[in-house]
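Below you'll find the structure, written out as structure tokens, and then a few comments.
Every number in this text was worked out from the coordinates using simple rules, so none of it is lab data. Not measured: the values here are computed from a predicted model. So basically every Cβ, Gly included, is an ideal-geometry build from the backbone, and we count neighbours across all protein chains shown.
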Amino acid sequence: MTLGLINANPVVQAKKEGLVRREDQYRDDGVDPLEMTKYVRDIRDPEHPYTLEQLRVVSEESVTVDDKLDRILITFTPTIQHCSMANIIGLCLRAKLKECLQLHYKVDIRVSPGSHADEVSVNKQLNDKERVVAALENPNLRQLVDECIYSDEI
Amino acid sequence: MKVMDKNLGLEEVQKLEGHTDRVWNVAWNPAADGVIASCSADKTVRIWEQSSLTRSWTCKAVLEGVHTRSVKSLAWSPCGKLLATASFDGTTCVWEIFATDSETVSVLRGHESEVKSVSWNASGSLLATCGRDKSVWIWEILPEEDDEFDTIAVLTGHSEDVKMVLWHPTMDVLFSCSYDNTIKIWCSEDEDGDKMVTCSDDLAMKIWKTDISRMQSGEGYVPWTHVCTLSGFHDRTIYSVHWSRDGVIASGAGDDTIQLFVDSDCDSVDGPSYKLLVKKEKAHEMDVNSVQWAPDKERRLLASASDDKMVKIWKLASEP
């Protein structure tokens, strides 16, 4: 699948050092956004040898937690408006979170508003359960996703 | 039969454990009381039977080793002897179910990608399937050729994945709904059944009606009109709705609830309206993927399937 990189010149940020957890904001057995960010920030971008955090695809602002209903919203920012890797990134986020979260959490994944030319269509695909399950059952896609979420830290 | 008793609730009769991954769908056998089949992302189909002695359900058969990916949908033939299963592996399998055994009768190939739904027509002569390849296939069973299947039509009107197909309960009219946000109604050119309910990712249910006598007279294009929208009840995708024979609509959604609705009997100028009868919070630990009423309306049994790997049997009954 090599027709040339979608975005050959990504902007790379330095990796952030430790994140400070806010003590009293979230309940003990729940999750807080900083913890969620730690799970996803080191996912490797499908195209480049950098993490999603380094490419500013995800950041601390990416995660919103509804503590009462156990629902999580992740918004991510593709590096360019016509990024065709958006679906893969969405799958990686979902697959990684499934491992880290208790099963009953509900996760919605969207691109940050205004960050993608086909925002509505991409968001619909990222959250269609049967499409997501079918994609992750596809051995080729699953392998690509696993390479991104299990890669060693840079 | 009127369902207006104020103290009705949904009581959990039994939890059926066994699947090792999310359960996508359940289907009651239309001809054998207390027999229900479930299909799962674990690639298997389980058949559960209620014992006449103990009144509890046990797993009588596991249909495995045929599908290589999620089994998404399943449907019994009207005679109750054949079970069709649709899978993300692109095939639809038809099984013959005997008392102590089961056998694969046919494997229907043709779809280019995941098959998402399967449905038998009222007479059991036709099977419809649909999938991510945007097409709806119609298959005819040939009894004189040892129950082989012949493709008689491939319908390509939808512009995106087709998620579900369902035949009208008495006529050979097929309904399909799609990722392209439309519902299509297909008739070939030569019950009541005049109302249907649909559900969506838009968090609402819609009720539609038609003039059934015009449809039966073979008039050609007979419109379905929107009657009522039920919104504000679920706050996550509604995955399944099913209308019972005694007029109760059940819904199952990503908010883990099962809800029941009935005609509110207070017709206004705007037409009939429906009201909430029961809301079962935390019916499952995770998304409810499917709800299905048992065919015998007297027993008021409802089955549900969930991402939590469970099938549950419920009874609509007066609360103590």
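Structural remarks
- Rg(Cα) / (2.2 N^0.38 Å) computed for the stretch A:95-154, rounded to two decimals: 1.26
- Estimated 222 nm signal from helices in chain B, with DSSP H stretches of n ≥ 4 weighted -39500 (n - 2.57), rounded to 500: -500 deg cm²/dmol
- Kirkwood hydrodynamic radius (C-alpha pairs) into Stokes-Einstein, chain B, 25 °C and 0.890 mPa s, D in µm²/s: 123
- Global dimensions of the protein assembly as shown from alpha-carbon coordinates: Rg and Dmax equal 23.7, 74 Å.
- Zero-based 5 Å bins, Cα pair distances in the stretch B:223-320, whole percents: 2, 13, 23, 23, 19, 13, 5, 2, 0
- Listed peptides A:54-63, B:311-320, B:23-32 by packing density, highest first (mean Cβ within 10 Å): B:23-32, A:54-63, B:311-320
- Rg and Dmax of the stretch B:72-137, Cα atoms only, in Å: 11.6, 38
- Separation of the stretch B:174-249 from the stretch B:105-152 is 22 Å, based on Cα centroids.
- Projected label distance in nm at B:Leu276 and B:Ala32, using a 7 Å step from Cα toward the beta-carbon: 3.9
- Calculated FRET efficiency for the pair B:Glu160/A:Glu60, C-beta based, R₀ 56 Å, to 0.05: 0.95
- Shape descriptor for the stretch B:127-275: Rg over Rh equals 0.99 (Cα atoms; Rh from the Kirkwood inverse mean 1/r).
- Counting only other chain Cβ atoms within 10 Å of each residue's Cβ, the peptide A:130-142 averages 4.
- Between the beta carbons of B:Asp101 and A:Val12, assuming R0 = 60 Å, the FRET efficiency works out to 0.45 to the nearest 0.05.
- Using alpha carbons only: equivalent-ellipsoid semi-axes of the stretch B:173-245, gyration tensor based, whole Å: 25, 14, 10
- Quarter the surface of the alpha carbon convex hull of the stretch A:23-154 and you get the mean projected area, 8.1 square nanometres.
- Modelled FRET efficiency - R0 45 Å, B:Ala317 with B:Asp146, Cβ distances, 0.05 increments: 0.50
- The stretch B:9-94: equivalent-ellipsoid semi-axes (sqrt of 5 x gyration tensor eigenvalues, Cα, Å): 22, 15, 11
- Partner aspartates and glutamates for B:Lys209 [C-alpha distance under 12 Å; skip if fewer than 8 residues away on the same chain]: B:Asp192, B:Asp194
- For the stretch B:1-151, the fraction of alpha-carbon pairs lying more than 26 Å apart is 28 percent, rounded to a whole number.
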